[in-house]
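Asker: My structure is below; once you've seen it, I'll send some questions.
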Amino acid sequence: MKKKIFLTATILGLTALFFGAYATHGLKPLISNDSFESFQTGIRYQLYHALFLFIVGILPILNLFQRKIIFYLVLSGVILFSGSIYLLSTNSLTSTDFISFGILTPVGGLVLIFGWIILAYYIFINQSQK
């Protein structure tokens, strides 16, 4: 599971960097400033949570089950939150209307928040057992 967490964190970090470079050098002139800022928000949160997964992977206090729960919450949260922001920000560039995906952004945000809450809970219960 640790290998899966580290690999996923690496891929999330790599794609966030790729999206950042693309946004700055290719996408910025094609979309509005508000859309560009939203796209950057998706990138930031993706990168933050890539680093978060690395931390989850190295925390010795977490067991396998706890790591899995946090991993799946963070991965699904990043896909829903950042992914929906990427689609919404680039909506003007496609013939497909992604406005209906807007509901996924707050849902993804809540899933990410829940991942952090679960981590705090696991740290608390694992520390109190020692």
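Asker: Could you list, in sequence order, all residues of the stretch 71-103 that are more than 21 Å from Ala120 (Cβ to Cβ), polar (S, T, N, Q) and either touching a strand residue (DSSP E or B) at 6+ places or on another chain (Cβ under 7 Å) or not in a loop (DSSP other than H, G, I, E, B) (or both)?
Answerer: Ser82, Ser84, Ser89, Asn91, Ser92, Ser100
Asker: I'd like the full set of residues that are within 14 Å of Ala23 (Cβ to Cβ) and surrounded by fewer than 17 Cβ atoms within 10 Å (Cβ to Cβ), limited to the stretch 37-75.
Answerer: Passing the criteria: Glu37, Thr41, Arg44.
Asker: Quick check: anything in the stretch 30-53 under 23 Å from Phe6 (Cα atoms) and of a type in the set (Lys, Arg)?
Answerer: So far as the stretch 30-53 goes, yes, one or more of its residues are under 23 Å from Phe6 (Cα atoms) and of a type in the set (Lys, Arg).
Asker: I need the full set of residues from the stretch 24-49 which are touching a residue at least 60 places away in the same chain (Cβ under 8 Å) and assigned to a helix (DSSP H, G or I), in order please.
Answerer: The answer is Leu27, Leu30, Tyr45, His49.
Asker: Next question. Step by step: first the residues of the stretch 76-99, then only those that are of a type in the set (Phe, Trp, Tyr) and within 14 Å of the chain's Cα centre (by Cα), then the one that is surrounded by the most Cβ atoms within 10 Å (Cβ to Cβ). Which residue is that?
Answerer: Step by step, filter the stretch 76-99, then rank; the result is Phe81.
Asker: Moving on. Just checking, which of Thr10, Thr15, Thr41 is within 30 Å of Gln127 (Cα to Cα), among the polar types (S, T, N, Q) and modelled with pLDDT of 95 or more?
Answerer: Sole residue among the options that is within 30 Å of Gln127 (Cα to Cα), among the polar types (S, T, N, Q) and modelled with pLDDT of 95 or more: Thr10.
Asker: What are the residues in the stretch 100-130 that are small (Gly, Ala, Ser) and over 12 Å from the mean Cα position of the chain (by Cα), if any?
Answerer: Of everything in the stretch 100-130, those that are small (Gly, Ala, Ser) and over 12 Å from the mean Cα position of the chain (by Cα) turn out to be Ser100, Gly102, Ala120, Ser128.
Asker: Six or more apart or on different chains, Cβ under 7 Å: which pairs go from a residue in the stretch 98-109 that's farther than 11 Å from Gly83 by Cβ and at pLDDT below 95 to one that's crowded, with 17+ Cβ neighbours inside 10 Å and small (Gly, Ala, Ser)? Could you list them?
Answerer: Going by the 7 Å Cβ cut-off, the qualifying pairs are Gly102/Ser84.
The values are calculated or read from the model by the stated rules, or taken from the named source; none is laboratory data. Note that the structure is a prediction, hence the values are computed from the model and not measured. Methodologically, a virtual Cβ is constructed for each residue, glycine included, from the backbone with ideal geometry; neighbour enumeration extends over all protein chains shown.
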